[in-house]
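**Q** Quick one: the structure is below, and I'll ask about it shortly.
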Amino acid sequence: MITCEDLVKIYKVDEDLEVMALQGLDLNVEKGEMMGIIGNSGSGKSTLLNMLGGLDRPTAGKLIVDGKDLLRMSDKDLVRYKLETVGFIWQNNAKNLLPYLTALENVELPMLLKGRHKRERAKELLEMVGMGHRIHNKLHMLSGGEQQRVAIAISLANYPKLLLADEPTGSVDTKTADIILDVFRTLNQELGVTIVIVTHDMQLTKKMDRVVAIRDGRTSSEILRKPYYEDVLREAEHIEGEEESH
Ligand code: ADP
Ligand code: MG
């Protein structure tokens, strides 16, 4: 689904300041995979997701998604790719929702704006994220996790093949984060959507097929080796166990 080779992204801040956010990053994601990306703040995770989603173009390297060359395609094709292929979820997605509309109305509204008013589809999307029983509740009456699920439903409106989530559980508690991850897993298994999730929560990465770490704009090779990755998880579990016993 995704091939990145030697991907470089340079932001020009002003005349004499450039930031090299991606410094030759390599990454492969299979169709139908649910992949985790971890890394410190500023390591380039959001930049990578933005490139994958066609929100911005890389400076150099190779980036093929679903057979499309995102570096070389025309601006028009890039816009079409973004609208047709990708669904985006951010940490604060729920903040863009309208509190005094119902869950159903919140999902319908962006469809209306795009001229495809489909109440049945909106209901179906809410059912998919486990919100079928709350569609007529006003948004401000829902919990943070439920609101995030409504936001996920909206991101699915265009039947994306690729779902990109940037810290989707950043503003919810651990239990809610687990539920949201389960929603992703269901979408992945039932619809075959390829999902790339950026998170800093090591516990959540357990639920993913594969995890890659990014450091200074590059994929960190040592964490790609599974034994190391398992060590990291064991360590994380150990730390959590200690915290609980205190
Ligand atoms: P992460 O999501 O891992 O925290 P980012 O991809 O947001 O990292 O940022 C990577 C680097 O690129 C950081 O040094 C950040 O300051 C810089 N950066 C990100 N976006 C921009 C931008 N639009 N303009 C200039 N620099 C940016
Ligand atoms: Mg980020």
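The values are calculated or read from the model by the stated rules, or taken from the named source; none is laboratory data. A quick note: this is a predicted structure, and the numbers were derived from the prediction, not measured. Every residue, glycine as well, gets a Cβ built from its backbone with ideal geometry; the counts of neighbours run over all protein chains shown.
**Q** Check off (1) within 16 Å of ligand 2 (Cβ to nearest atom); (2) modelled with pLDDT of 95 or more; (3) hydrophobic (A, V, I, L, M, F, W, C); (4) part of a strand (DSSP E or B) for Ile64 and give me the number that stays unchecked.
**A** All conditions pass for Ile64, except number (1).
**Q** Among the numbered criteria (1) within 13 Å of ligand 2 (Cβ to nearest atom); (2) farther than 18 Å from Val79 by Cα; (3) not in a strand (DSSP E or B), which single criterion is violated by Lys31?
**A** Checking Lys31 against (1) within 13 Å of ligand 2 (Cβ to nearest atom); (2) farther than 18 Å from Val79 by Cα; (3) not in a strand (DSSP E or B), the one that fails is (1).
**Q** In the stretch 16-28, how many are without any contact (Cβ under 8 Å) to a residue 40 or more places away in the chain and either within 16 Å of ligand 2 (Cβ to nearest atom) or in a loop (DSSP other than H, G, I, E, B) (or both)?
**A** Residues in the stretch 16-28 being without any contact (Cβ under 8 Å) to a residue 40 or more places away in the chain and either within 16 Å of ligand 2 (Cβ to nearest atom) or in a loop (DSSP other than H, G, I, E, B) (or both): 2 in total.
**Q** Let me ask something else about it. Being within 26 Å of His200 (Cβ to Cβ), acidic (Asp, Glu) and in contact with a helix residue (DSSP H, G or I) (Cβ under 9 Å, 6 or more places away or on another chain): is that true of Asp56 here?
**A** Details: within 26 Å of His200 (Cβ to Cβ): yes; acidic (Asp, Glu): yes; in contact with a helix residue (DSSP H, G or I) (Cβ under 9 Å, 6 or more places away or on another chain): yes.
For Asp56, the condition - within 26 Å of His200 (Cβ to Cβ), acidic (Asp, Glu) and in contact with a helix residue (DSSP H, G or I) (Cβ under 9 Å, 6 or more places away or on another chain) - is met.
**Q** Next question, about the same structure. With respect to Gly67, determine if the residue is surrounded by 15 or more Cβ atoms within 10 Å (Cβ to Cβ), under 13 Å from Leu162 (Cα atoms) and free of Cβ contacts under 8 Å to residues at least 40 places away in the same chain.
**A** Here the answer is no, as Gly67 does not meet what is asked.
**Q** Look at Ser41 and say whether it is over 20 Å from Tyr159 (Cβ atoms), within 12 Å of ligand 1 (Cβ to nearest atom) and either in contact with a Pro (Cβ under 8 Å, 6 or more places away or on another chain) or part of a loop (DSSP other than H, G, I, E, B) (or both).
**A** Yes; evaluated as a whole, the condition is true for this residue.
**Q** Could you list, in sequence order, all residues of the stretch 178-198 that are within 14 Å of ligand 1 (Cβ to nearest atom) and out of contact with any Gly (no Cβ under 6 Å at 6 or more places or on another chain)?
**A** Answer for the stretch 178-198, where residues must be within 14 Å of ligand 1 (Cβ to nearest atom) and out of contact with any Gly (no Cβ under 6 Å at 6 or more places or on another chain): Val196, Val198.
**Q** Quick test for you: out of Arg72, Arg57, pick the one residue that is surrounded by 15 or more Cβ atoms within 10 Å (Cβ to Cβ) and in a loop (DSSP other than H, G, I, E, B).
**A** Values: Arg72 fails: surrounded by 15 or more Cβ atoms within 10 Å (Cβ to Cβ).
Every option except Arg57 fails the conditions.
**Q** Among the residues that make up the stretch 137-156, is at least one of them surrounded by 18 or more Cβ atoms within 10 Å (Cβ to Cβ), in a loop (DSSP other than H, G, I, E, B) and either touching a residue at least 60 places away in the same chain (Cβ under 8 Å) or touching a His at 6+ places or on another chain (Cβ under 6 Å) (or both)?
**A** yes
**Q** Among (1) surrounded by 15 or more Cβ atoms within 10 Å (Cβ to Cβ); (2) within 16 Å of ligand 1 (Cβ to nearest atom); (3) polar (S, T, N, Q), where does Thr102 come up short?
**A** Unmet condition: (2).
**Q** Pick from the stretch 38-48 the residues that are closer than 27 Å to Gln189 by Cβ and crowded, with 22+ Cβ neighbours inside 10 Å: which of them is nearest to ligand 2 (Cβ to nearest atom)?
**A** Applying the filter and picking the extreme gives Lys45.
**Q** Turning to a different aspect of this structure: Please name all residue pairs, on different chains or six or more residues apart, with Cβ atoms under 6 Å, provided the first residue is in the stretch 31-44 and is among the β-branched types (Val, Ile, Thr) and the second residue is not in a loop (DSSP other than H, G, I, E, B).
**A** Ile37/Lys45; Ile37/Val198; Ile37/Val212; Ile38/Ala213
**Q** If I ask for residues that are outside any strand (DSSP E or B) and either within 16 Å of ligand 2 (Cβ to nearest atom) or over 20 Å from the mean Cα position of the chain (by Cα) (or both), which ones from the stretch 1-15 would you list? Before you say what the answer is, go through the steps one by one.
**A** Restricting attention to the stretch 1-15, the residues satisfying the condition of being outside any strand (DSSP E or B) are 1, 15.
Within the stretch 1-15, Glu15 is the sole residue that qualifies.
**Q** Exactly one condition in (1) at pLDDT 95 or above; (2) aliphatic (A, V, I, L, M); (3) surrounded by 17 or more Cβ atoms within 10 Å (Cβ to Cβ) is false for Met35; which is it?
**A** Of (1) at pLDDT 95 or above; (2) aliphatic (A, V, I, L, M); (3) surrounded by 17 or more Cβ atoms within 10 Å (Cβ to Cβ), only one is false for Met35: (1).
**Q** Please specify each residue of the stretch 120-177 satisfying the condition of being on the phi > 0 side of the Ramachandran plot and more than 16 Å from ligand 1 (Cβ to nearest atom).
**A** Gly130, Tyr159
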